[in-house]
1. Restricted to the range 724-769, and to residues that are in contact with a helix residue (DSSP H, G or I) (Cβ under 9 Å, 6 or more places away or on another chain) and assigned to a loop (DSSP other than H, G, I, E, B), which residue is farthest from residue 590 (Cα to Cα)?
2. How many residues does the range 400-415 contain that are within 20 Å of residue 719 (Cβ to Cβ) and buried (at least 17 other Cβ atoms within 10 Å of the Cβ)?
3. Can you find a residue in the range 354-374 that is in contact with a helix residue (DSSP H, G or I) (Cβ under 6 Å, 6 or more places away or on another chain), assigned by TED's automatic domain parsing to the domain that holds residue 292, surrounded by fewer than 24 Cβ atoms within 10 Å (Cβ to Cβ) and not in a strand (DSSP E or B)?
4. Quick test for you: out of 441, 477, 450, pick the one residue that is on the phi > 0 side of the Ramachandran plot and assigned to a helix (DSSP H, G or I).
5. Return the total of residues in the range 881-891 being out of contact with any helix residue (DSSP H, G or I) (no Cβ under 8 Å at 6 or more places or on another chain) and either touching a residue at least 24 places away in the same chain (Cβ under 8 Å) or surrounded by 21 or more Cβ atoms within 10 Å (Cβ to Cβ) (or both).
6. Mind checking whether some residue in the range 660-668 is over 25 Å from residue 445 (Cα atoms), surrounded by 14 or more Cβ atoms within 10 Å (Cβ to Cβ) and touching a helix residue (DSSP H, G or I) at 6+ places or on another chain (Cβ under 8 Å)?
7. Restricting to the range 256-284, give me the number of residues that are out of contact with any helix residue (DSSP H, G or I) (no Cβ under 8 Å at 6 or more places or on another chain) and either part of a loop (DSSP other than H, G, I, E, B) or not assigned by TED's automatic domain parsing to the domain that holds residue 169 (or both).
8. Condition check: within 23 Å of the chain's Cα centre (by Cα), under 29 Å from residue 727 (Cβ atoms) and in a helix (DSSP H, G or I). Does residue 582 satisfy that?
């Protein structure tokens with residue numbers, strides 16, 4: 001029955017979501033102006049819970065086309081459309097813009113529900129010439145009424161520029177400005193950006209940013225934002241000289257350079273050039289996925305030349321013009337590379353020359369609005385001098401690969417093998433008593449215990465997160481593996497003897513002997529609560545990463561991993577857990593090596609390209625080793641600070657975490673346990689180096705082949721499963737994905753068994769039913785495994801359904817605050833002899849309060865502390881408080897005899 005259910009679940013996985021297109025598009029109602037407009041203002045304003053798309057101004061040729069002598073007309077009409085309503089229609093507002101304006105800059109402030117319409121140009125009535133404007137307007141809506149507010153004007157009139165919102169600051173500019181007060185003198189491209197802080201209610205003027213010296217001023221460029229970075233792509237400038245140039249036409253130089261401005265540091269950096277010079281694309285680059293910006297169309301020079309050759313009598317214009325190119329360009333901020341990224345939706349019908357509005361076009365000289373993940377491209381120019389009233393609406397989503405039956409067969413065989421191991425140990429004598437269930441009868445070989453410790457500390461999150469971090473940044477995280485060189489000697493020399501010679505089952509039994517039963521129970525409960533949350537997170541995050549790049553149903557993935565873990569943990573106890581851990585550790589390392597080898601084989605330059613990237617592109621260890629730079633802030637790059645942070649983040653797991661400590665008591669002797677720990681040094685340093693190297697290899701691979709990246713990749717942690725599904729042969733991909741399942745299972749099974757051990761030993765057998773028989777305790781342990789597993793699955797599924805992972809992460813963070821203080825409490829017990837039970841209890845409380853207080857101050861912005869240092873503060877505050885309290889609340893002889901390094905029997 002059990003195996004039939006398992007195969008039913010596998011079949012459900014195979015039939016889950018089919019592969020999807022990376023983009024989905026639709027059309028909103030056409031703008032009421034049937035001719036359409038170019039250069040409009042656009043954004044989204046909020047009226048309570050309602051959102052309205054607003055389009056204003058713009059210009060067109062309503063009477064005659066420009067090649068027939070038609071005159072451009074500027075407009076001041078304002079239209080609004082309520083979003084999210086199927087039968088909504090455009091509403092023309094009673095009042096319009098102050099002037100008839102077009103080609104200005106639009107910025108939506110989603111957090112405030114307002115838009116800013118900035119600059120633009122209009123027709124000067126006196127001279128009949130176009131002039132740029134400096135006016136800035138804020139538009140909002142309340143109770144269905146459109147509200148306007150005039151803001152301080154730009155320092156310089158500006159039109160045909162770019163505008164974005166970065167960290168609450170408007171950044172707007174480049175474009176063109178008036179050459180002088182005389183409209184007859186025309187306009188000139190400018191090299192300035194202007195900033196206005198919308199979060200400062202007292203702000204009364206604009207700041208300025210100069211373009212870098214190597215960057216030309218530009219009009220009709222595209223700007224984008226990722227985090228605190230402002231990106232500037234392409235555009236065009238008036239020709240710098242006479243003569244032919246590859247990207248010069250009509251007296252204009254089309255540009256393909258790209259720049260990024262870091263707002264916090266106020267610094268510019270030049271990026272890789274675009275594959276071709278483009279101008280006049282919808283003015284905002286769309287941020288998608290974890291690292292991409294999409295340029296949605298635009299006009300390249302070569303296309304213009306082709307149109308001139310096709311219609312020389314109209315200088316490339318005319319109603320039989322095919323429409324502007326629809327191809328999109330994707331810039332990846334991680335690999336600093338460009339690639340073609342599909343096309344905008346177009347449907348050019350045979351009658352397009354006489355009925356342009358009957359087709360769907362790629363538009364230019366128009367803004368692009370982003371609101372709550374949706375993209376709106378209102379109206380715009382579809383051919384030279386021809387507009388369309390169309391309004392495109394779209395969303396970007398990832399491409400999901402079909403996993404396939406063969407891959408699922410491989411995964412099924414692997415997972416059934418894990419269940420088989422549990423069944424094997426259940427049939428043996430090894431699961432018939434609590435000693436065997438919790439300690440494996442102390443017959444586990446040292447190398448199996450060592451691999452189990454490694455697998456327990458390495459979850460599926462880490463399996464994907466380390467390559468993801470190295471892919472996106474560098475090897476600084478590898479410094480975090482070095483503390484193992486300090487931790488293992490400390491454990492072997494000072495902690496392990498107590499755990500082995502006291503013949504204990506849980507680490508917290510030591511705390512009762514050294515301090516009191518309250519310390520034991522509080523520490524054990526804190527550990528159990530932490531692992532309840534950990535099971536849910538370790539189930540959820542890998543399932544999320546897999547479902548984001550494959551058609552694996554996230555709920556089924558959670559269910560399969562969880563159910564199988566419960567089955568083999570219930571059946572085989574710790575012996576099944578450590579043996580499956582060992583197998584899974586080898587699968588993880590083998591899978592990473594296989595992927596690394598495949599990448600090397602497909603990268604020009606092979607292994608040398610990887611090492612070159614580490615040295616030449618700052619993809620190796622870039623941390624500072626300067627003693628004068630020991631910042632502990634979130635942006636710290638101090639190698640010493642990173643080392644200390646990871647030391648105290650990991651030390652409590654090796655000294656106070658039951659899931660790891662339990663492995664110490666499964667080997668036949670203390671010497672064998674020590675050997676398993678020494679082996680773990682090698683596994684951690686070499687294994688993590690393999691994962692970091694794989695991340696760097698993936699960076700080089702996709703930098704060389706940017707067209708293979710999915711722009712909508714949702715997180716950097718998804719890069720490894722994405723690569724696996726994209727490049728590994730059928731069957732092999734299944735084996736590596738089985739490795740991801742394996743990483744989850746090794747962590748979850750460890751949590752299930754260790755929590756059952758802690759509950760039965762420290763709570764049930766110590767407080768609730770101390771007279772219970774061994775058989776009763778064994779049954780309770782198995783019940784706890786089932787209950788915890790089911791709770792973890794349900795919470796994980798709830799997180800996936802409601803997407804409240806951030807709130808749950810916060811809960812898990814607070815529970816995790818106990819681990820640092822727990823490590824400090826164990827250190828207080830081992831390394832001091834004057835602190836008694838009450839001192840230990842008080843120290844634990846002070847440690848928890850201290851680290852929670854630091855976190856709250858950090859969140860409020862009152863202090864700036866790297867969260868990874870919470871373990872350090874929790875550990876040290878507990879230890880120091882315990883030492884001090886020990887002078888007031890000293891220990892009794894029975895609390896220290898044989899229980900500290902000073903009183904331990906040799």
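The values are calculated or read from the model by the stated rules, or taken from the named source; none is laboratory data. All values derive from a computational prediction rather than experimental measurement. Positions of Cβ are generated from backbone atoms using ideal geometry, with glycine treated the same way; all protein chains shown enter the neighbour counts.
1. By that ranking, first place goes to 769.
2. Let us first name the residues in the range 400-415 that are within 20 Å of residue 719 (Cβ to Cβ), namely 400-403, 407.
Subset that is buried (at least 17 other Cβ atoms within 10 Å of the Cβ): 400-401, 403, 407.
Counting residues in the range 400-415 that are within 20 Å of residue 719 (Cβ to Cβ) and buried (at least 17 other Cβ atoms within 10 Å of the Cβ) gives 4.
3. Taking the range 354-374 and keeping what is in contact with a helix residue (DSSP H, G or I) (Cβ under 6 Å, 6 or more places away or on another chain), we get none.
Within the range 354-374, not a single residue is in contact with a helix residue (DSSP H, G or I) (Cβ under 6 Å, 6 or more places away or on another chain), assigned by TED's automatic domain parsing to the domain that holds residue 292, surrounded by fewer than 24 Cβ atoms within 10 Å (Cβ to Cβ) and not in a strand (DSSP E or B).
4. On the way: 477 fails: on the phi > 0 side of the Ramachandran plot; 450 fails: on the phi > 0 side of the Ramachandran plot.
Residue meeting the stated conditions: 441.
5. Step one: list which residues in the range 881-891 are out of contact with any helix residue (DSSP H, G or I) (no Cβ under 8 Å at 6 or more places or on another chain), which gives 884, 887.
Next, only the ones that are either touching a residue at least 24 places away in the same chain (Cβ under 8 Å) or surrounded by 21 or more Cβ atoms within 10 Å (Cβ to Cβ) (or both) stay: 887.
Number satisfying all stated conditions: 1.
6. Filtering the range 660-668 for residues over 25 Å from residue 445 (Cα atoms) gives none.
Checking the range 660-668: not a single residue is over 25 Å from residue 445 (Cα atoms), surrounded by 14 or more Cβ atoms within 10 Å (Cβ to Cβ) and touching a helix residue (DSSP H, G or I) at 6+ places or on another chain (Cβ under 8 Å).
7. Our first condition is that a residue be out of contact with any helix residue (DSSP H, G or I) (no Cβ under 8 Å at 6 or more places or on another chain); within the range 256-284, this holds for 256-275, 278-284.
Next, only the ones that are either part of a loop (DSSP other than H, G, I, E, B) or not assigned by TED's automatic domain parsing to the domain that holds residue 169 (or both) stay: 256-257, 263-266, 271-275, 280-283.
Looking only at that region, the number is 15.
8. Numbers: within 23 Å of the chain's Cα centre (by Cα): no; under 29 Å from residue 727 (Cβ atoms): yes; in a helix (DSSP H, G or I): yes.
When the stated conditions are applied, residue 582 does not pass them.
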